[in-house]
Amino acid sequence: MFESLTEKLELTFKRLRGQGKITEKNIEESLREVRFALLEADVNFKVVKSFVESVKAEALGQEVLLSLTPDQQLIKIVQRELVAALGGERAELNLKGAPPQVVMLVGLQGSGKTTTLAKLALHLKGEMKRTPYLVPADVYRPAAAEQLKVLAEEVGVPIYPLRPDMKPLDICREALQEAKKHFCDLVLVDTAGRLHIDAELMGELQKLQTELRPHHTLLVVDAMTGQDAVNQAQRFSEALDLTGIILTKMDGDARGGAALSMREMVGKPILFAGVGEKLNALEPFAPDRLASRILGMGDVLTLIEKAEQAHEEKITERLAKQAQKGAFSLEDFQSQMQMMKKMGSVGELMDMIPGARKLTQKVDMSQAEKEISRVEAIINSMTRQERRNPNILNGSRRRRIASGSGTTVTDVNRLIKQFLQMKKLMQRMSRMGGKAAMGRLPFSFGS
């Protein structure tokens, strides 16, 4: 996420390192580079101008001039201004009030609106203990309603049973009544998108907003489209009473222009960020945490939260006991890997660990993901007896496993060797008093 901007900012701060103090000359040079980095990241030029002026005004203050570490002081100032540009305090989705409350999602086709609706339902169901009811009001895109129906089943929430030739207004009116019958306290409406913003699209959305009087109208935009996303948000904001924005595909956005420009140019808070394809890959938008990630400082708090969400107490306790007894098996390792996968991709986790990106610059993250998939395939090709007791894996068994997993005998041998080494390490750690940590310790195999 935002790799390109992070690299350029880190280079700028590195050049300032070793200077005796921040002077008008070296701050001008540094901020010129910051300005270019932000413009290359597709940040709106008005936002860039305001940002640079704010940083300069604070950087030339007397307190900073007395600093012995000007690069660190500049990083601190830039971080503070990045947080402000991203919206300052974290904005939350306020769902107080009489049920059922209505949340309407709007946006263009291709922004990920339908999938985001399901992700939002899962998030609100799990984190806020709400009971969502999904409404497929997009009657124009082929298979939109069917897609939402499949997603609703995955999330485990009810959905309005759409009938042929229904109009969006009629769908929403009936869906509200059905939501009450299902005792649902939240109605999430998937509206129709278009390839381009036009009067017909806005007219229909305005009618829906007038009829439904939603508690929230959230705009879904693709972060990877940069300033196009900001322009879309401005157009939607002029026509509708938007209460917030959801940025999708942020995990694939190397620049960050949309996120950094949105709040100042549109005046609406970014509430959530889509960070992957999985249904649990929707995060509350936290300006302070994102600013830290942009500056290469990681995001330990989000990493801890993801670990807590993935953590299953019964499994963790069992793994800890197995490790302490020296009975940790490939079956246990498989459970550990499944918990890790719930936390996100390898690249996403690296972004959250301070300094990890620098240490793994030469590591191909896509290759690391393939390696994990290869390990899973090998373990899945074993029988339960083989997973529990790798010592019985003779030559013929290893050939069968390699054939069944689409790998080679060399791959199987390497996995078994590394697993046995890891098992010895776990036993030593357990004897040293690391029982509580054993079940939570993530392990992975390199190639």
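I'd like to compare 394-401, 374-381: which one has the highest average count of other Cβ atoms within 10 Å, and what's the full order after that?
374-381, 394-401
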Neighbours of Asn413 by Cβ distance under 12 Å: Lys/Arg at +1, Asp/Glu at -1, summed charge +4
Which of Leu122, Leu393 has the fewest other C-beta atoms within 10 Å, and how do the rest follow up to the most? Leu393, Leu122
Go through the range 198-213 residue by residue and turn each phi into a ³J(HN,Hα) via Karplus (6.51, -1.76, 1.60, θ = phi - 60°); whole Hz please, and just put x for glycine and proline. 9, 5, 5, 4, 5, x, 5, 5, 5, 5, 5, 5, 5, 6, 7, 6
The range 101-295: antiparallel bridges as % of DSSP beta bridges, rounded to 5, reads 10 percent
So for R0 = 45 Å, FRET eff. of Ser396-Glu277 from the Cβ-Cβ r, to 0.05, ends up at 0.70
List residues of the range 280-294, by number, whose backbone nitrogen lies under 15 Å from a label position 7 Å along Cα→C-beta of Glu89. 286-288
So for the range 158-253, using the alpha carbon gyration tensor with a ≥ b ≥ c as root eigenvalues (a/c under 1.5 gives rounded; past that, a/b versus b/c decides prolate or oblate), I'd call it prolate
Taking a crude spin-label model, label points 7 Å out from Cα along the C-beta direction, the Asp198 to Thr210 distance in nm is 2.1 nm
Return the long-range amide H neighbours of Val102 (sequence gap of 5 or more, or a different chain), with a cut-off of under 5 Å between placed amide H atoms. Val187, His215, His216
Give the long-range amide H neighbours of Asp222: residues separated by 5 or more places, or on another chain, with amide H under 5 Å away, using H modelled in the peptide plane at 1.01 Å from N. Thr248
Above-threshold pairs, the threshold being 20 Å between Cα atoms, out of Lys56/Lys76; Lys113/Lys249; Lys25/Lys56; Lys119/Lys207: Lys119/Lys207
Place the peptides 106-118, 191-203 in order of packing, highest mean first, counting for every residue the other Cβ atoms within 10 Å and averaging per peptide. 106-118, 191-203
Sequence of Leu330, Leu38 once ranked by neighbouring C-beta atoms within 10 Å, starting from the fewest: Leu330, Leu38
Sorted on mean Cβ neighbours within 10 Å (highest first), peptides 221-233, 411-423 come out as 221-233, 411-423
Proxy exposure order for His216, His182 (fewest C-beta within 10 Å first) is His182, His216
Tell me, what ³J(HN,Hα) does each residue in the range 113-119 have, in order and in whole Hz, if you take phi through Karplus 6.51 cos²θ - 1.76 cosθ + 1.60 with θ = phi - 60° and put x for Gly and Pro? 5, 5, 5, 5, 4, 5, 4
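None of the figures in this text is laboratory data; all of them are computed from the coordinates on show. From a predicted model like this one, the values you see are computed outputs, not experimental measurements. Cβ atoms come from the backbone with ideal geometry, glycine included; neighbour counts cover every protein chain shown.
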